[in-house]
1. Taking a probe of 1.4 Å, how large is the accessible area per residue of chain B, in Å²?
2. About the Cα centre of the stretch B:97-151, what is the dipole size in debye to 20, counting +1 per Lys and Arg Cβ and -1 per Asp and Glu Cβ, all else neutral?
3. Determine the sum of side-chain charges near B:ALA317: Lys and Arg each +1, Asp and Glu each -1, restricted to other residues whose C-beta is under 13 angstrom from that of B:ALA317.
4. For a label point 7 Å from the Cα of B:HIS275 along Cα→C-beta, name the residues of the stretch B:303-341 whose backbone N is under 15 Å from it.
5. Of all the Cα-Cα pairs you can form in the stretch A:105-205, what percent are over 23 Å apart?
6. Report, largest value first, the span of the C-alpha coordinates of the stretch B:211-259 along each principal axis, in whole Å.
7. Considering only the other residues whose Cβ falls under 14 Å of the Cβ of A:ASP117, what net charge follows from Lys and Arg at +1 and Asp and Glu at -1?
8. Report the trypsin sites (Lys or Arg not before Pro) located in the stretch A:217-304 that are in a DSSP loop and have at most 15 other Cβ atoms inside 10 Å of their Cβ, or state none.
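The values are calculated or read from the model by the stated rules, or taken from the named source; none is laboratory data. Because the structure is a prediction, the values reported are computed rather than measured. No Cβ is skipped: glycine too gets one built from the backbone with ideal geometry, and neighbour counts run over all protein chains shown. Ligands, DNA and RNA are stripped out before the accessible areas are found, and what is left, the full protein with its side chains, is counted by its heavy atoms. Shrake-Rupley method; radii C 1.70, N 1.55, O 1.52, S 1.80 Å.
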There are 2 protein chains.
Amino acid sequence: MIGFQVTATDGAARRGVLSTPHGTIETPAFMPVATLGAVKGIAPGELEGLGAQILLANLYHLALRPGIETIERLGGLHAFTAWGRPILTDSGGYQVFSLAERRVIDDGGVTFRSHLDGAAVRFTPESVVDMQRRLGVDVAMVLDECPPWPIGEEEASRAAERTLAWARKAREAWAASPGPGGLFGIVQGGAFPTVRERAAAELSALDFDGYAIGGVSVGEPEEIRRRTVEHTAARLPTGKPRYLMGVGRPEDIGHAVAAGIDLFDCVLPARNARHGELFTRSGVVRLKNARYRDDPRPPDPDCSCPTCRRVSRALLAHLVRSGEVTGMVLATVHNLSFYLDFMADIRQATASGELASPGRSQTARPADPAVSPSAGSSRTPTP
Amino acid sequence: MIGFQVTATDGAARRGVLSTPHGTIETPAFMPVATLGAVKGIAPGELEGLGAQILLANLYHLALRPGIETIERLGGLHAFTAWGRPILTDSGGYQVFSLAERRVIDDGGVTFRSHLDGAAVRFTPESVVDMQRRLGVDVAMVLDECPPWPIGEEEASRAAERTLAWARKAREAWAASPGPGGLFGIVQGGAFPTVRERAAAELSALDFDGYAIGGVSVGEPEEIRRRTVEHTAARLPTGKPRYLMGVGRPEDIGHAVAAGIDLFDCVLPARNARHGELFTRSGVVRLKNARYRDDPRPPDPDCSCPTCRRVSRALLAHLVRSGEVTGMVLATVHNLSFYLDFMADIRQATASGELASPGRSQTARPADPAVSPSAGSSRTPTP
């Protein structure tokens with residue numbers, strides 16, 4: 001069982017507390033992405049130290065390897081990953097539609113070949129919630145059909161209807177045999193307000209523990225994404241947590257919080273770190289730029305993460321340029337810390353009513369917009 | 001300036017203290033390999049926590065990138081690497097002979113093409129010690145000619161003579177313009193006792209701050225390596241530290257300590273971690289072996305490193321099998337910790353006279369001998 005309480009509002013933005021079997025999460029919150037059970041290059045103890053409240057793992061990947069039975073036998077996903085705080089698992093819908101081979105979809109579910117070994121696998125709305133129950137996750141997600149961008153309204157409507165039908169089955173299966181945590185529904189519907197509106201209304205009637213907005217950050221223009229987020233968020237129940245899947249850059253998160261979103265995940269902090277790009281309070285630092293070769297300053301002089309307390313931009317630039325994995329590790333620690341600090345600032349601004357004001361916290365300043373927004377989805381099939 | 005004091009002996013084995021500008025090192029000691037200035041995947045703060053007393057970096061790599069001038073401008077190698085404890089730099093002799101292209105050697109030095117960009121570079125005995133002086137390292141190494149295995153006696157003798165001639169030039173250059181730390185000579189001579197003997201005698205007369213045995217762990221059989229180590233170590237000054245370059249497996253280190261060696265470096269802990277092989281007190285654990293998929297035990301139940309305190313063999317096996325970099329990071333932390341603990345046990349055994357006795361510390365038990373000994377040289381050209 002999970003609970004959610006809004007403790008402050010600022011326009012549509014909310015500050016809240018999400019209670020789960022493995023602890024409470026202060027929202028708005030960012031969930032570092034641990035697709036296979038670990039954030040790339042970061043030990044679980046270090047993640048705790050950075051202040052991560054909840055991790056996102058991926059059912060598709062875990063079901064294929066090491067397999068649900070193995071994890072269950074080892075005591076569940078928390079014991080397996082050595083992470084004692086809350087975990088949300090994405091249902092794998094996105095991965096089935098972007099990564100798996102020879103996919104055949106029908107009203108009862110989807111059959112596909114594993115991208116690892118070609119083995120035939122079938123996911124149904126019922127099996128997906130059952131697997132997440134067995135993993136013992138704090139937040140389970142329903143199976144959804146996640147169409148690519150762009151699609152027409154008819155196709156978007158068909159996918160949203162199927163996602164709704166699957167959501168009903170998932171909801172029933174969960175009610176019959178609930179897991180320890182909560183179950184979230186997912187709103188699909190592409191860029192079409194009426195489709196999204198109907199999906200939001202139908203899902204709301206099913207009384208999920210929370211609601212996600214899916215099918216964004218799949219390549220659509222920023223303007224459309226923002227309109228979709230605003231329009232959909234406004235039509236979700238106010239008393240339940242709202243999760244925007246796979247978004248995004250700090251400025252996207254700032255916008256979405258103002259639209260009433262409570263939970264986020266994104267691979268950008270880790271992915272950009274691998275490419276030598278640091279999020280800082282004064283914009284993006286691209287370590288491959290020659291100006292950082294001799295720069296003795298910390299990656300972000302206003303940051304107190306373990307990386308910024310210790311190493312210089314010059315060392316990071318050297319390690320990244322040399323392809324040395326330590327550069328990626330140190331940069332990931334900083335970028336994740338930046339995101340987690342950014343969310344803490346947002347929570348404070350929301351509580352003090354400063355979120356919408358122009359003079360709000362410096363950390364909320366947008367990073368360099370040249371970072372591609374569409375590169376940010378955690379629902380991208382990078383294993 | 002550096003100093004060395006033997007505080008206990010056990011047969012030929014010694015326990016000692018090496019004093020350097022950046023602190024003292026209890027010997028026998030293992031130096032984690034930080035070729036480019038960082039141990040692969042491990043932050044400097046974490047290395048400190050594991051108890052690393054001294055790091056080994058590589059002049060060849062650092063001279064090519066980011067360049068000596070850059071490091072000097074940033075305050076020297078300690079400031080650049082954010083590592084405040086002692087650093088030894090290998091001279092790059094091995095890399096020049098194994099990694100560089102179009103190498104031309106003459107009595108004055110060696111000219112080669114950078115493996116990074118093909119730029120022409122010349123290393124001389126004088127320039128190599130000068131660069132290490134500018135880096136501000138605690139222990140500098142002379143330029144040596146490191147011939148491959150196998151070679152005949154005449155060729156080994158020629159390389160040893162050239163290494164000796166270079167050592168004289170290096171010694172003079174260092175005396176004229178010394179760095180803050182000490183300078184070690186290197187004994188070459190292949191597998192030929194008389195060549196090694198002459199090299200050891202001539203080098204000893206030059207009064208270096210310490211003496212290294214080079215040209216081992218280059219592919220020769222274990223029997224020959226051990227004989228060479230025993231024979232050469234016995235002919236080096238007793239009052240100076242002795243460093244066996246690029247060796248090796250725990251059992252090789254145990255043997256070399258008994259022969260009177262004080263300092264070691266080896267890439268095995270990190271390299272084996274990348275391949276999913278853990279050193280443990282009960283032998284090598286090969287994580288890709290199916291038996292570890294379901295194993296909830298820590299990697300080494302008798303180890304108290306951050307990895308063993310937290311994660312299971314099953315998680316590590318999953319991450320390694322998935323090619324997830326976190327698996328390598330967690331395994332490297334353990335393997336380095338194992339080596340550092342192993343050295344601490346050896347120091348204790350040496351001090352209490354138990355090193356040579358059959359019932360000595362369990363951690364000194366050989367790991368699985370199937371791990372290739374020749375794979376252990378830190379003087380291997382893996383960047």
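1. Heavy-atom accessible area per residue stands at 34 Å².
2. Its charge dipole is roughly 180 debye.
3. Net charge in that neighbourhood comes out at +4.
4. Counting only backbone N, you get B:332.
5. For the stretch A:105-205, the share of Cα pairs beyond 23 Å comes to 31 percent.
6. 29, 19, 16
7. Its environment carries a net charge of +3.
8. Passing both the DSSP loop test and the Cβ count: A:LYS288.
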